[in-house]
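For reference, the structure discussed in these notes is given below.
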Protein chains: 2
Amino acid sequence: MNPRHPAARHCPQCGHAPLEQCVPPGDTHLRLRCPACAHLIYDNPRVIAGAIIDEGGRIALCQRGIPPGVGRWTLPAGFMEHGESVEEAAAREVMEETGMRVEIRSPYSIFSVPPTNEIYLIYRATLVAHETEPGPESLQVQWFGANDLPWQEIFYPAIGQILTRYFDEGLTGRHGVYSGSMESGHIHFIS
Amino acid sequence: MNPRHPAARHCPQCGHAPLEQCVPPGDTHLRLRCPACAHLIYDNPRVIAGAIIDEGGRIALCQRGIPPGVGRWTLPAGFMEHGESVEEAAAREVMEETGMRVEIRSPYSIFSVPPTNEIYLIYRATLVAHETEPGPESLQVQWFGANDLPWQEIFYPAIGQILTRYFDEGLTGRHGVYSGSMESGHIHFIS
């Protein structure tokens with residue numbers, strides 16, 4: 001369970017507790033249901049949108065400034081918000097965490113993380129302008145190549161796997177779209 | 001606001017009402033916050049996973065058996081659940097709504113719908129076995145080509161746009177990955 005999204009204990013519509021678990025008629029999954037007002041709570045996976053910004057073979061990483069993992073490195077990425085497209089979310093997160101305005105180019109990874117109920121939607125992007133300092137979520141932003149990237153200090157395993165693939169592919173000059181999870185998946189070079 | 005996901009009125013952790021709106025320190029978005037226990041409610045867009053199953057140029061559509069849109073047609077697709085990858089969600093939804101076991105092949109559409117806070121992740125898939133009847137969500141399943149598809153009876157506009165593109169591309173024999181929204185986006189033919 002993601003600590004940002006703990007399971008409900010009270011009904012968000014009427015305030016009643018305790019809630020009960022049931023599989024509603026016609027449904028296939030256990031849901032939390034309010035026995036007082038019959039409200040059903042649907043809790044679904046969340047999308048993390050982000051980008052790989054490549055400048056001549058070096059990519060921008062953020063050193064985390066807020067828990068968890070303060071001081072460790074990751075791609076600029078974060079939870080998608082209401083009212084935006086995935087591309088808009090990725091560009092917004094990049095601006096917040098790096099201060100860079102980017103152009104989102106092409107999907108790079110549809111990476112499911114079932115243990116944390118998250119989906120990383122990572123895009124390739126190009127730098128338009130480095131406008132401001134990064135916000136409080138980042139201590140600093142640095143550009144890294146495969147040889148000087150702090151591989152042991154990457155915070156999220158999914159991000160480490162995405163970066164490993166990116167630099168491996170860089171040697172071939174050919175990038176596809178990965179879809180899968182940590183354990184299995186495919187790179188799709190659509191022709 | 002999606003009727004399945006109404007805004008909370010009571011705190012799901014302590015039951016208090018009313019909630020207040022605030023931008024938490026270090027955050028950039030308005031959140032619902034409980035003034036009694038300080039719990040913050042994060043409400044994020046939801047992923048709908050589904051598939052285009054193509055058998056010799058004809059694709060499987062479901063006639064909706066539950067509201068909204070009873071009697072209208074759509075691709076087999078539905079809300080992703082916790083503990084599964086996007087591919088697993090797409091295959092599960094196909095089984096529930098068509099009775100077909102499929103192999104999920106390649107991503108086809110990353111389609112954001114900001115007005116309803118949904119993201120359609122649609123894959124191309126191939127039929128493995130038609131195992132059972134569809135569940136209660138579908139009145140029936142039929143195979144359609146571009147010429148006999150009930151274009152005026154497709155329920156979700158995003159699905160209509162995805163199907164239009166699919167059959168347009170079919171004439172060229174070349175499928176890419178679309179990423180975007182109803183208004184703008186790009187088809188990525190990655191080489």
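Just so you know, all these numbers are worked out from the coordinates, no wet-lab data involved. Everything numeric here is computed off the predicted structure, so don't read it as measured data. Virtual Cβ from ideal backbone geometry, glycine too; neighbours counted across all protein chains shown.
So the values come out like this:
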{"read-out": "Relative contact order [Cα under 8 Å, 6+ residues apart], chain A, whole percent", "value": "20"}
{"read-out": "Amide H partners (placed H, <5 Å) of B:Arg105, local residues excluded", "value": "B:Arg124, B:Ala125, B:Thr126"}
{"read-out": "Three-way shape call for the protein assembly as shown based on the alpha-carbon gyration tensor, with the a/c threshold at 1.5", "value": "oblate"}
{"read-out": "Long-range amide H partners of A:Tyr178 with built H, under 5 Å", "value": "A:Ser109, A:Ile110, A:His188"}
{"read-out": "Table column - 3J(HN,Hα) (Hz), the stretch B:169-179, Karplus curve with 6.51, -1.76, 1.60, x for Gly and Pro", "value": "5, x, 5, 8, x, 9, 10, x, 10, 8, 9"}
{"read-out": "For the protein assembly as shown, size of Cβ-based charge dipole, Lys and Arg +1, Asp and Glu -1, in debye", "value": "400"}
{"read-out": "Pairwise centroid distance, computed over Cα atoms, of the stretch A:7-50 with the stretch A:71-89, Å", "value": "26"}
{"read-out": "DSSP bridge orientation in the stretch A:35-191 - percent antiparallel, rounded to nearest 5", "value": "70"}
{"read-out": "Low-density loop positions, trypsin sites (Lys or Arg not before Pro), the stretch A:102-191 - DSSP coil, at most 14 other Cβ in 10 Å", "value": "A:Arg174"}
{"read-out": "Chain A: C-alpha gyration tensor shape, a/c 1.5 cut-off, then a/b vs b/c", "value": "prolate"}
{"read-out": "For A:5-11, mean number of other protein chain Cβ atoms within 10 Å", "value": "5"}
{"read-out": "Backbone HN-Hα couplings from phi across the stretch A:148-163 [Karplus 6.51/-1.76/1.60, Hz, Gly and Pro as x]", "value": "10, 5, x, 4, 7, 10, 6, 7, 9, x, 4, 5, x, 5, 5, 5"}
{"read-out": "Fraction of alpha-carbon pairs over 17 Å apart in the stretch B:103-182 - percent", "value": "57"}
{"read-out": "Cysteines, chain A, no other Cys beta-carbon under 4.7 Å", "value": "A:Cys22, A:Cys62"}
{"read-out": "Sparse-neighbourhood loop sites, GluC sites (Glu not before Pro) in the stretch B:109-150 - DSSP loop, at most 11 other Cβ within 10 angstrom", "value": "B:Glu131"}
{"read-out": "Point-charge dipole on Cβ atoms (K/R +1, D/E -1) for chain A, about Cα centre, debye to 20", "value": "420"}
{"read-out": "The stretch B:106-121 and the stretch A:101-128: distance between their alpha carbon centers, rounded to Å", "value": "14"}
{"read-out": "Other-copy label distances relative to B:Gly71, 7 angstrom Cα-Cβ extension, nm", "value": "6.6"}
{"read-out": "Farthest positive-ward along chain A dipole, Cα basis, beta-carbon charges - from A:Ala8, A:Cys34, A:Gly176", "value": "A:Cys34"}
{"read-out": "Amide proton proximity set for B:Arg46, modelled H, under 5 Å, gap of 5+", "value": "B:Glu118, B:Ile119"}
{"read-out": "Nm distances between copies for B:Glu133, ranked from closest, using label points 7 Å along Cα→Cβ", "value": "6.7"}
{"read-out": "Residue-by-residue Karplus 3J(HN,Hα) for the stretch B:116-125, coefficients 6.51, -1.76, 1.60, Hz, glycine and proline x", "value": "10, 6, 10, 10, 8, 10, 10, 10, 7, 9"}
{"read-out": "Residue-averaged beta-carbon neighbours from other chains (10 angstrom radius) around B:72-82", "value": "3"}
